[in-house]
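A.B. asks: Before anything else, here's the structure in question.
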Amino acid sequence: MFQNKSSKVFVIKQISKISPMLSKKNLVTLLNLYKKIANDRTKKNIAALSNILETTPAGDMIIRDLKLINPKCRKKLFTTLIAEGLIFRDEKRVKAEAEGRAVPFTILISPTMRCNLRCRGCYAYNYSKKDDLSYEILDRVVTEAEEIGVAFITILGGEPLVMPDLFKLYEEHPNMYFQFYSNGTLLTKKVAKKLAKLGNVAVMLSIEGFKKETDERRGDGVYEKVLKAMDTLRGAGVPFGYSTAVTSLNEPIVSSDELVDLMLAKGALLGWYFLYMPVGRDPDLSLMPTPKQRLHLLESDKRIRATKQMFIIDFWNDAPFVGGCIAANKYIHITSNGDVEPCIFTHLAQDNIKEKSLQEVMESEYFRKLRSKQPYDKNLYLPCQWIDHPEVSRELYKELKLKLTHPGADDILIREDLKTGIDEYSAKVKETYKDEWEAKKSG
């Protein structure tokens, strides 16, 4: 591998030339350029992507997605997310791994918990501006992230658009790629214009299904506002996707061809699927997708990928692609209070980013012990320390006396009715996925 300043400049210049001219041939040329400056680990990933591009229908999906993005956003996707994130900064991640340190690929940050909606089951209304993470801390974290090898930051909430300083953050860190999750109701043409000018930000819009499902949880009229936000982003050429919390109530809907077709028609580039997790205040086990529904979602993933030009990420069923649980390893979550959680669903912390550097919190006793237990099972379809292997979260909570990051975060760990329900669920999901894992290994 050769990676120096001149080779980096050369690749960036070639990206600038090629990115406006969309064709499979040009993209293959670009991937070949990436291979020249990539390490051995990344070369394998690029080779796999080249094969997908040249031999499968996914190549048409990639072209379709890129045509929906304006030239500035397209260039930033190639230069910042791919060249910087996947290639140049992987050298730092490889070096850290060799030294026994962990560098996340991405960091999730919730700089505010404030929101303009009052969704059923959410308690964002309890927060005010004084509870926000300061811009100074936020800026320091992103700067440190860039220095240690991170190139991809996810902004959560609350609703990120209630915090205008975030646009300053995106602008002052042009070599970082951001995505933020939004309810869509504050996404105006003015906001879309700003995002189009920046180029290094993608938007993920939350949706619960169609109008009935979305408005029931988020409020009357929200569904139409989300669809309008999609039209606004598409008009500006800003890349966007959709995100859905999969529950026992909406699983058949969010995994349906009808919903995916609507998202395709609106111009969404990808879809995120997260299982409802019984964590936080007053968790409701009945909202968890049943083991059979979880398996049905996996079958839907396969169908969608084979028949639709939509890139989807199923946070649990795609665990085999990343080796199981990636908490405290490939990603972490920082709360608006500065507490550093191993993942967005683990409301426990040992350190606070206001008191330690990013690299220091990555090497906390909590995070090191969690990483030492990963993966928790040979069956990588069972990645989660909360619902698949609850003994892991219980053991660490008891051993390390971890801090709760909000009231009620330990309900799932101490309430006997919840513990019994989770144990029963865990046993059923293990049995449900047994044959699927055997088939995947043999296939």
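The values are calculated or read from the model by the stated rules, or taken from the named source; none is laboratory data. All of these numbers come straight from a predicted model, not from anything done at the bench. Using ideal geometry, Cβ is built from the backbone for each residue, glycine included, and neighbour counts are taken over all protein chains shown. Quick note on the areas: whole protein, heavy atoms, side chains included, nothing else; ligands and nucleic acids left out. Shrake-Rupley method; radii C 1.70, N 1.55, O 1.52, S 1.80 Å.
A.B. asks: Scan the stretch 207-226 for residues that are assigned to a helix (DSSP H, G or I) and either open to solvent by 20 Å² or more (accessible area, probe 1.4 Å) or not aliphatic (A, V, I, L, M) (or both) and jot them down.
C.D. replies: 211, 212, 213, 214, 215, 216, 217, 218, 223, 224, 225, listed by residue number.
A.B. asks: Name the residue, out of 86, 117, 138, that is modelled with pLDDT under 95 and either open to solvent by less than 70 Å² (accessible area, probe 1.4 Å) or in contact with a Cys (Cβ under 7 Å, 6 or more places away or on another chain) (or both).
C.D. replies: Every option except 117 fails the conditions.
A.B. asks: Still on this structure, I have one more. I'd like to check something: does the stretch 425-443 contain any residue that is small (Gly, Ala, Ser), open to solvent by 70 Å² or more (accessible area, probe 1.4 Å) and in a loop (DSSP other than H, G, I, E, B)?
C.D. replies: Within the stretch 425-443, one or more residues are small (Gly, Ala, Ser), open to solvent by 70 Å² or more (accessible area, probe 1.4 Å) and in a loop (DSSP other than H, G, I, E, B).
A.B. asks: Moving to a separate point now. In the set 38, 58, which member is modelled with pLDDT of 75 or more and either under 22 Å from residue 94 (Cβ atoms) or in contact with a helix residue (DSSP H, G or I) (Cβ under 9 Å, 6 or more places away or on another chain) (or both)?
C.D. replies: Checking each option against the conditions leaves just 38.
A.B. asks: Next up: Can you find even one residue in the stretch 360-369 that is open to solvent by 10 Å² or more (accessible area, probe 1.4 Å), under 20 Å from the mean Cα position of the chain (by Cα) and touching a residue at least 60 places away in the same chain (Cβ under 8 Å)?
C.D. replies: Scanning the stretch 360-369 turns up no residue that is open to solvent by 10 Å² or more (accessible area, probe 1.4 Å), under 20 Å from the mean Cα position of the chain (by Cα) and touching a residue at least 60 places away in the same chain (Cβ under 8 Å).
A.B. asks: Taking residue 172, is it in contact with a helix residue (DSSP H, G or I) (Cβ under 6 Å, 6 or more places away or on another chain), open to solvent by 20 Å² or more (accessible area, probe 1.4 Å) and at pLDDT 95 or above?
C.D. replies: no
A.B. asks: Can you work out which of the residues in the stretch 278-319 that are within 22 Å of residue 179 (Cα to Cα) and of a type in the set (A, V, I, L, M) is most open to solvent (accessible area, probe 1.4 Å)?
C.D. replies: Only one residue tops the list, namely 313.
A.B. asks: So, in the stretch 370-403, of the ones that are in contact (Cβ under 8 Å) with a residue 12 or more places away in the chain and hydroxyl-bearing (Ser, Thr, Tyr), which residue ends up nearest to residue 439 (Cα to Cα)?
C.D. replies: Among those residues, the one meeting the criterion is 381.
A.B. asks: Is the stretch 186-197 home to any residue that is open to solvent by less than 10 Å² (accessible area, probe 1.4 Å), within 16 Å of residue 235 (Cβ to Cβ) and of a type outside the set (A, V, I, L, M)?
C.D. replies: No: the stretch 186-197 contains no residue that is open to solvent by less than 10 Å² (accessible area, probe 1.4 Å), within 16 Å of residue 235 (Cβ to Cβ) and of a type outside the set (A, V, I, L, M).
A.B. asks: Over 30 Å from residue 340 (Cα atoms), aromatic (Phe, Trp, Tyr) and out of contact with any Gly (no Cβ under 8 Å at 6 or more places or on another chain): is that true of residue 88 in this structure?
C.D. replies: No; evaluated as a whole, the condition is false for this residue.
A.B. asks: Right, something else. When the stretch 105-117 is examined, which residues are found to be within 11 Å of residue 334 (Cα to Cα), aliphatic (A, V, I, L, M) and part of a loop (DSSP other than H, G, I, E, B)?
C.D. replies: Scanning the stretch 105-117 gives no hits.
A.B. asks: A further question on this structure: Wholly within the stretch 1-104, which helices (runs of 4 or more DSSP H) include no fewer than the required count, namely at least 1 residues that are more than 25 Å from residue 358 (Cα to Cα)?
C.D. replies: The helices (runs of 4 or more DSSP H) meeting that bar are 5-18, 24-37, 40-55, 58-67, 71-76.
A.B. asks: Same structure, new question: Could you grab me the full set of residues in the stretch 392-410 that are open to solvent by less than 30 Å² (accessible area, probe 1.4 Å) and part of a helix (DSSP H, G or I)?
C.D. replies: Matches in the stretch 392-410: 392, 393, 396, 400.
A.B. asks: Here is a check on your reading of the model: is residue 68 touching a Gly at 6+ places or on another chain (Cβ under 6 Å), surrounded by 14 or more Cβ atoms within 10 Å (Cβ to Cβ), of a type in the set (A, V, I, L, M, F, W, C) and touching a residue at least 12 places away in the same chain (Cβ under 8 Å)?
C.D. replies: Yes.
A.B. asks: Could I ask something else about it? Identify the single condition in (1) buried (at least 23 other Cβ atoms within 10 Å of the Cβ); (2) over 30 Å from residue 172 (Cβ atoms); (3) not charged (D, E, K, R) that residue 256 does not satisfy, given that it satisfies every other one.
C.D. replies: (1)
A.B. asks: Exactly one of these conditions fails for residue 242: (1) modelled with pLDDT of 95 or more; (2) within 26 Å of residue 424 (Cα to Cα). Give me its number.
C.D. replies: Residue 242 satisfies all of (1) modelled with pLDDT of 95 or more; (2) within 26 Å of residue 424 (Cα to Cα) except (2).
A.B. asks: Provide a single number: the residues in the stretch 228-240 that are in a helix (DSSP H, G or I), of a type in the set (A, V, I, L, M) and touching a strand residue (DSSP E or B) at 6+ places or on another chain (Cβ under 9 Å).
C.D. replies: Here the count works out to 3.
A.B. asks: Of the residues 55, 29, which is closer than 19 Å to residue 310 by Cα, surrounded by fewer than 18 Cβ atoms within 10 Å (Cβ to Cβ) and of a type in the set (S, T, N, Q)?
C.D. replies: 55 is the lone residue from the list that is closer than 19 Å to residue 310 by Cα, surrounded by fewer than 18 Cβ atoms within 10 Å (Cβ to Cβ) and of a type in the set (S, T, N, Q).
A.B. asks: Exactly one condition in (1) under 21 Å from the mean Cα position of the chain (by Cα); (2) in contact (Cβ under 8 Å) with a residue 60 or more places away in the chain; (3) within 30 Å of residue 293 (Cα to Cα) is false for residue 353; which is it?
C.D. replies: (3)
A.B. asks: Could you list all residues from the stretch 297-355 that are over 27 Å from residue 410 (Cα atoms), β-branched (Val, Ile, Thr), in contact with a helix residue (DSSP H, G or I) (Cβ under 7 Å, 6 or more places away or on another chain) and assigned to a strand (DSSP E or B)?
C.D. replies: 312
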